[in-house]
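Single-structure report; data block below.
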Amino acid sequence: MRAGGTTGWLAAASLVLASCGGGGPSSNGGATGSAGPTPTPTPPPVGQVFNVPAAESLSGAEVGTIIAQAAAEARARGAAATIAVTDRVGNVLGVFAMPGAGTTARIPSAPDASNRDVQGLDVPAPGAAIAKAITGAYLSSSGNAFSSRTASMIVQEHFPPAPTTAGLESGPLFGVQFSQLPCSDLAARAGDGLIGPKRSPLGLAADPGGFPLYKNGVVVGGIGVVADGTYGFDPNVLDRDYDLDEAIALAGTRGFEAPVSIRADRITADGTSLRYTDIEYPQLAAPTGASFASTAGALVPVTGYYAGAALLAGVAYGTEASGVRASTPAEFANRDAFVLTNGAGANRFPVRAGTDAGDTPAPLTAAEARAILEEAFTVMSRARAQIRQPLDSRAQVTISLVDTRGQVLGIVRSPDAPIFGIDVSLQKARTANFFSAPFAAAELTAAPGEVPQFVTRIRSFLGDPNALTGAFAFSDRAGGNLSRPYFPDGEVGQPNGPLSRPIAQFNPFSTGLQSALVVGNLAQHLQFVTGASGTDTPRACTGLPATAGGAPRLANGIQIFPGSVPVYRGNVLIGAIGVSGDGIDQDDMISFLGLHNAGMRVGGGIGNAPLAIRSDRIVVQVGSRQVRLRYVGCPFAPFLDTAQQNVCEGL
């Protein structure tokens with residue numbers, strides 16, 4: 001065990017999450033096993049526009065092969081590793097520890113060593129390995145393959161992260177690491193009777209050493225490795241990091257490689273190529289053909305995730321058993337729609353009316369909720385994707401709708417949207433609703449720990465003693481403006497936003513209000529995982545007060561990158577829509593235009609916030625200049641069926 005061991009993070013009682021990694025250029029050529037099969041998409045069914053992924057899954061024997069290959073690479077490098085494999089929806093299929101593998105991994109300290117939240121702490125190595133595997137699986141699809149190194153690149157304070165890029169804006173998915181949290185009310189838990197996307201012990205990881213796994217061009221899971229004792233991030237993408245965890249994990253993917261054509265380094269964001277790996281297959285040790293049965297080490301149980309008794313087979317995504325399946329015509333009119341299911345054929349989140357009749361004069365009706373979800377789905381179906389290959393693919397996302405209590409009024413997704421967007425779309429919807437509401441300041445003030453201090457900070461920063469009492473409508477893009485370690489975003493030398501840590505205290509493990517809201521949940525959960533406590537964190541993130549619906553409004557945490565807008569009836573807040581799974585401008589457009597079109601469909605009455613109260617009417621004095629918050633950002637020429645520009649302008 002590393003110095004400080006488990007007791008270091010237990011004593012701190014402030015844990016959390018998965019982080020970031022960096023890297024160098026990725027070529028994709030080389031030895032056997034480096035290319036991966038070229039995907040052959042299944043043609044869309046008649047009358048539909050999306051390909052449906054083939055029903056592929058990992059067998060228990062294949063899980064053993066993946067682990068054995070990774071362990072062989074570790075031995076060749078004189079290392080001992082903890083190796084985890086999951087399926088596409090996060091079921092843990094195996095966790096294996098080689099003899100001498102470390103039991104913990106160290107999270108980096110804050111730049112000034114002040115160490116808030118999980119900074120500077122040790123976390124269980126099996127939990128970190130699971131988080132890396134889930135990250136590779138959840139961020140990927142048949143149109144894009146992202147690794148935990150890719151995640152590193154898109155969550156830091158500058159994009160791309162490097163010493164020479166200071167002054168650029170933050171990563172496009174800044175804050176996504178605080179999703180898939182173990183306290184999420186959406187995520188299923190091993191052994192709790194729910195199926196579908198599982199939680200992660202540490203949220204999404206970005207420490208190198210997590211990759212997706214593919215069969216016949218279809219993502220079937222992920223592998224995560226911890227061997228170097230560090231669970232950190234690399235802030236410099238200009239150099240090549242020969243990362244031990246990444247080499248071992250990459251070896252495990254042999255025979256299950258992501259197709260070259262969809263790897264992250266074939267995808268750009270804001271004109272910058274993303275990163276997949278800094279180590280290529282030719283740099284790995286020659287394959288030995290070692291079997292799992294002959295590999296030294298043992299399967300290890302991980303409380304709340306894996307019993308440790310045997311290697312398990314994965315479930316095929318898209319089947320009832322996976323918890324994500326095609327919808328029925330009665331569930332959604334859109335023939336391409338997929339929903340979350342309970343394993344017995346029932347939609348977990350059917351379209352319904354708002355539950356907040358006691359709080360809101362005229363809550364969303366079921367017909368209005370259906371119109372919002374279906375119209376947003378239609379916008380998505382026409383939109384050009386940012387993160388998918390081949391070029392001019394259609395965007396694929398998950399769409400969530402909530403009422404003012406944060407209760408889910410429906411969730412719908414396209415067939416091959418990345419899994420991470422399910423939890424994130426709900427986080428986004430709840431965040432936009434919460435910060436636009438009259439109750440936000442009061443509920444934050446009633447929360448434990450340092451959370452109430454953020455209310456004071458935002459009121460001082462905005463020069464508004466009544467901020468967060470419903471006077472303005474906040475999208476996630478606006479909340480993200482206030483959650484960056486520089487304001488305006490990326491401008492070195494400027495103060496931090498009021499919902500962020502100052503840059504001297506900031507790293508991806510401690511972002512500000514986002515991490516402060518859930519640190520208690522994470523501490524409790526990791527005590528449960530290590531056996532220090534028999535009580536797991538409740539299925540409800542944050543210490544905010546429960547609503548009349550029985551849960552806090554932010555029951556899976558908040559999110560601080562774009563893709564959501566609040567829903568209004570006239571000047572009255574009645575809920576919010578959140579979208580996640582493609583580029584942030586695409587997510588913004590789908591939520592904003594989907595809501596607008598729904599209002600037109602039902603004859604008015606619901607729609608986007610009135611212009612006069614949108615957050616882009618808020619101006620912040622920064623030195624001698626004034627800086628305006630933003631509301632939404634829509635892409636240019638976003639549709640595949642028209643060359644129309646500025647599609648959100650004037651709405």
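Tell me the residue from ALA437, ALA441, ALA473 that is under 18 Å from ALA612 (Cα atoms), in contact with a helix residue (DSSP H, G or I) (Cβ under 8 Å, 6 or more places away or on another chain) and at pLDDT 95 or above, please. I'd like the intermediate steps shown before the answer.
Values: ALA437 fails: in contact with a helix residue (DSSP H, G or I) (Cβ under 8 Å, 6 or more places away or on another chain); ALA441 fails: under 18 Å from ALA612 (Cα atoms).
Exactly one residue qualifies, and that residue is ALA473.
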Which one is surrounded by the most Cβ atoms within 10 Å (Cβ to Cβ), of the residues in the stretch 240-264 that are of a type in the set (D, E, K, R) and modelled with pLDDT of 95 or more? ASP245
Let me spell it out: the conditions are (1) out of contact with any helix residue (DSSP H, G or I) (no Cβ under 7 Å at 6 or more places or on another chain); (2) over 29 Å from ILE399 (Cα atoms), and LEU426 meets all of them except one. Which number is the exception? (2)
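Looking for whichever is buried (at least 23 other Cβ atoms within 10 Å of the Cβ) and either within 23 Å of PRO197 (Cα to Cα) or out of contact with any Ser or Thr (no Cβ under 7 Å at 6 or more places or on another chain) (or both) here; the options are LEU340, LEU311. Which one fits? It would help to see each step written out before you state the result.
On the way: LEU311 fails: buried (at least 23 other Cβ atoms within 10 Å of the Cβ).
After ruling out the rest, the residue left standing is LEU340.
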Whether any residue in the stretch 107-125 is farther than 25 Å from GLN177 by Cα, touching a Leu at 6+ places or on another chain (Cβ under 8 Å) and not acidic (Asp, Glu) is what I want to check. no
Picking from SER425, SER460, the residue that is outside the structural domain of THR511 (by TED's automatic domain parsing), on the phi < 0 side of the Ramachandran plot, among the polar types (S, T, N, Q) and under 27 Å from the mean Cα position of the chain (by Cα) would be SER425
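Within the group SER564, SER533, which residue is over 20 Å from VAL176 (Cα atoms) and of a type outside the set (A, V, I, L, M, F, W, C)?
Details: SER564 fails: over 20 Å from VAL176 (Cα atoms).
Result of the check over SER564, SER533: SER533.
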Residue count, the stretch 373-413 (criterion: polar (S, T, N, Q), under 21 Å from SER142 (Cα atoms), assigned to a loop (DSSP other than H, G, I, E, B) and more than 17 Å from the chain's Cα centre (by Cα)): 2
Do the conditions hold for ALA353, that is, is it surrounded by fewer than 23 Cβ atoms within 10 Å (Cβ to Cβ), assigned to a loop (DSSP other than H, G, I, E, B), at pLDDT 95 or above and small (Gly, Ala, Ser)? yes
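Residues are listed down the side, and each one gets a yes or a no for (1) closer than 13 Å to VAL225 by Cα; (2) touching a strand residue (DSSP E or B) at 6+ places or on another chain (Cβ under 7 Å); (3) at pLDDT 95 or above; (4) surrounded by 23 or more Cβ atoms within 10 Å (Cβ to Cβ):
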residue	(1), (2), (3), (4)
PRO45	no, no, no, no
GLN48	no, no, no, no
LEU58	no, yes, yes, yes
ALA61	no, no, yes, no
ILE66	yes, yes, yes, yes
ALA70	yes, yes, yes, yes
How many residues does the stretch 441-474 hold that are in a loop (DSSP other than H, G, I, E, B) and among the β-branched types (Val, Ile, Thr)? 1
State which residue is nearest to the chain's Cα centre (by Cα) when the search covers only the stretch 97-121 and only residues that are closer than 19 Å to VAL529 by Cβ and modelled with pLDDT of 95 or more. ILE107
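Residue check: is THR288 closer than 22 Å to GLY222 by Cα, surrounded by fewer than 19 Cβ atoms within 10 Å (Cβ to Cβ) and out of contact with any Leu (no Cβ under 8 Å at 6 or more places or on another chain)?
Values: closer than 22 Å to GLY222 by Cα: yes; surrounded by fewer than 19 Cβ atoms within 10 Å (Cβ to Cβ): yes; out of contact with any Leu (no Cβ under 8 Å at 6 or more places or on another chain): yes.
Considered against the rule, which asks whether it is closer than 22 Å to GLY222 by Cα, surrounded by fewer than 19 Cβ atoms within 10 Å (Cβ to Cβ) and out of contact with any Leu (no Cβ under 8 Å at 6 or more places or on another chain), THR288 comes out as yes.
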Considering only the stretch 265-285, how many residues are buried (at least 19 other Cβ atoms within 10 Å of the Cβ) and among the small types (Gly, Ala, Ser)? 1
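Limited to the stretch 600-622, what total is found for residues that are in contact (Cβ under 8 Å) with a residue 40 or more places away in the chain and out of contact with any Ser or Thr (no Cβ under 7 Å at 6 or more places or on another chain)? If you could, list the steps in order and put the result at the bottom.
Of the residues in the stretch 600-622, the ones in contact (Cβ under 8 Å) with a residue 40 or more places away in the chain are 601-602, 605-610, 613-618, 620-622.
From the residues that got through so far, the ones that are out of contact with any Ser or Thr (no Cβ under 7 Å at 6 or more places or on another chain) too are 601-602, 605-610, 613-614, 616-618, 620-622.
Total meeting the criteria: 16.
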Inside the stretch 57-99, can you point out the residues that are among the β-branched types (Val, Ile, Thr) and part of a helix (DSSP H, G or I)? VAL63, THR65, ILE66, ILE67
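The values are calculated or read from the model by the stated rules, or taken from the named source; none is laboratory data. Note that the structure is predicted; figures quoted are calculated from it, not measured. Note that we place each Cβ from the backbone using ideal geometry, even for glycine, and neighbour counts take in every protein chain shown.
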